[in-house]
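The next block holds one structure in the form of structure tokens; read it before the comments.
FYI, it's all coordinate maths here, none of it is from the lab. Since we're looking at a predicted model, the values are computed, not measured. We place every Cβ from the backbone using ideal geometry, glycine too, and count neighbours over all the protein chains shown.
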Amino acid sequence: MQSRTPPGAEPGPTRAELDSGLSAELASVVAGARRRAVRDGDRQIDTAHLLHSLLETDPEVRSVFENGAQAVRVLGYLVQRSIGYGLQWQGTVEDSGAVPVVTPVKETGWSPAATSAMDMALERAALRGEARALGIDLLAGLVADPDCRAVEVLGRAKVDVPVLLRRIEAGCRQYASGGQGHVAGQGYSAGQGSDC
């Protein structure tokens, strides 16, 4: 089977300045998203790559979904990216899905939406007084952008994104108050604000 990855397409550390602000777990998520982008022949790490890597590696992220079946359903859509669903994204910039990527392959980096999500993750950690962002911070950054690919995948998988965001915020408050983090399947009441 022939690889679709162009020669020399290994993404470089175009956002090396982020590394010091990521937890070890989140750094692993980013590395997984980078590998996935290269393997799929994509020139940018986008929000769907990040969501896929988060769901595969971070149990705390999986726990904020309604149940295990919902997280598995989302992963099912993400897996289809390279064999059907999501093929229309190849060679396009995530912001609009219509503008061809003209950046040379050696300059592989982050889509604008992925960059925004990561910036938001770092801001959330700082507001909490933490030096490093967690996977749950990145998930919050992803779901805050209604036009990103990650939210498109969540919608196709029938995830209620506003409810998911409330579950993230409720778990974030529990984390900040010294709780054990997120509890899988725990119901959170609507209309709660964020403390982080």
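Values computed for the structure shown
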{"item": "Contour excess over end-to-end distance, with Cα ends at Arg39 and Arg156 and 0.36 nm allotted per residue", "result": "39.8 nm"}
{"item": "Derived scalar couplings ³J(HN,Hα) [segment 143-158; Karplus, 6.51 cos²θ - 1.76 cosθ + 1.60; whole Hz; x for Gly, Pro]", "result": "6, 6, 9, x, 9, 7, 5, 4, 5, 4, 5, 4, x, 5, 8, 6"}
{"item": "Charge sum, other residues only, whose C-beta stays under 9 Å from Gly141's C-beta, Lys/Arg counted +1 and Asp/Glu -1", "result": "-3"}
{"item": "Difference of contour (0.36 nm per residue) and Cα-Cα distance, Glu56 to Gln80", "result": "7.2 nm"}
{"item": "Protection proxy ranking of 32-38, 142-148 - average other beta-carbon atoms within 10 Å, highest first", "result": "32-38, 142-148"}
{"item": "Positive minus negative residues near Ala71 (Lys, Arg vs Asp, Glu; Cβ under 13 Å)", "result": "0"}
{"item": "Shape of segment 125-169, Cα gyration tensor, a/c cut at 1.5", "result": "prolate"}
{"item": "Residues with amide H under 5 Å from that of Gly109, placed H, sequence gap 5 or more", "result": "Ile45"}
{"item": "Order by protection proxy (mean Cβ within 10 Å, highest first), peptides 117-127, 48-58", "result": "48-58, 117-127"}
